[in-house]
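Only one structure is covered here, and it is reproduced in the block below.
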Ligand code: AHM
Ligand code: MG
């Protein structure tokens, strides 16, 4: 612990300022975000124990999308449910790891918000000690649902309606990256103090980049515009893009997006020709929307190929979508490739 970290602004102070001065969040959302951040601390703690905590490995169960669940997927989901059930700021929750919504039981205190999360993103990296994270998104209960039981359809709001979104990354440092619609702020967990310390007040993604992130093993399944773009990147200074490109692929969206928020880049998990991938791999409500909100708030751009992701009207809770996000000029370039067909 340093005396500096004690004096720096922490998450609570940042959120109180957002509520009182900037009026970007209600008291309810502020407290909800504090609860989510507390749950992320607990998840980060479990992650860091690894084999010592007996949390590595898979379970026999599958989630609603037919993916084998890791012990930490399920544990993280439970931590988020338990912390938020008693928070008093929510009407219901939905998670990548649950078949359907989870309503706050009648007896518990309630609020007028909906919380969505991918409790542990990057599951394939859990057992190999590579950065993973928790992604979350907050919506308001729509006015027509205020006096009745919450249904799945109440969650099906386009990403532009998010009132907050963010992620926690469990890497060499544990960080919380958050937007309430007033830019993107990053907090680093001071483990001795147990406090989220504001370490970057306003993140900006550089507009240009020469670094792309895509799983190249799917190349044969890609649609023509994506294939053409990557071919052009690989062509180097003699190709149409006139420069060398570098490539990174961590296979944890949280870590790939974190790199892009830190130094720019373009991240792509496009829809492709595989039966399972036709609509993309990533989930609109738990991954694409919160990350798109963050990226746009940091000056970047996020599309499914042609359309702005935040404008997509969801039709299902577990819907998948192609994702292309990052440095504005590069994403715009890929959008034009799609326009040209
Ligand atoms: P998960 O939510 O089950 O962990 O899956 C999502 C992850 C993303 O974090 C990452 O970008 C992608 O899957 C990696 O997929 P692949 O293994 O096909 O490269
Ligand atoms: Mg995920």
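Every number here is computed from the coordinates shown, using simple stated rules; none is lab data. For clarity, every value in this text was computed on a predicted model and none was experimentally measured. Virtual Cβ from ideal backbone geometry, glycine too; neighbours counted across all protein chains shown.
In table form, for the structure just shown:
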read-out	value
Estimated FRET transfer efficiency when R0 is 56 angstrom, pair residue 219-residue 182 (beta carbons, to 0.05)	0.90
Radius ratio Rg over Rh of segment 189-341, counting only Cα atoms, Kirkwood formula for Rh	0.99
Beta bridges by DSSP in the chain, antiparallel share as percent, to the nearest 5	85 percent
Segment 110-188-segment 249-283 distance, computed between alpha-carbon centres (Å)	17 Å
Relative contact order (percent, whole number), segment 2-83, Cα cutoff 8 Å, 6+ residue spacing	22 percent
Acute angle (nearest 10 degrees) that the helix 224-234 long axis makes with the longest principal axis of the chain, alpha-carbon atoms	80 degrees
Computed [θ] at 222 nm, helices only, for the chain once each DSSP H run of length n ≥ 4 contributes -39500 (n - 2.57)	-9000 deg cm²/dmol
Stokes-Einstein D (µm²/s) once Rh is taken as the Kirkwood radius of segment 16-102 over alpha-carbon pairs, at 20 °C in 1.002 mPa s	147 µm²/s
Pair residue 246, residue 147: separation of 7 Å Cα→Cβ label points (nm)	5.9 nm
Ascending count of other beta-carbon atoms within 10 Å, so fewest first, for 286, 170	286, 170
At 1.567 mPa s and 4 °C, Stokes diffusion of segment 43-91 via Kirkwood alpha-carbon radius, µm² per second	108 µm²/s
Dimensions (Å) - segment 110-261, Cα atoms, principal axes, largest first	62, 42, 33
Calculated FRET value between residue 20 and residue 278, using beta carbons and R₀ = 51 Å, to 0.05	0.60
Overall dimensions of the chain as given by Cα atoms, namely Rg and Dmax in Å	19.6, 67
Degrees, to the nearest 10: 328-340 long Cα axis against longest axis of the chain	60 degrees
Residue exposure sequence - 102, 45 - by fewest surrounding Cβ within 10 Å	45, 102
222, 249 arranged by Cβ crowding within 10 Å, fewest neighbours leading	249, 222
Value of relative contact order over the chain, rounded to a whole percent, pairs C-alpha under 8 Å and six or more apart	15 percent
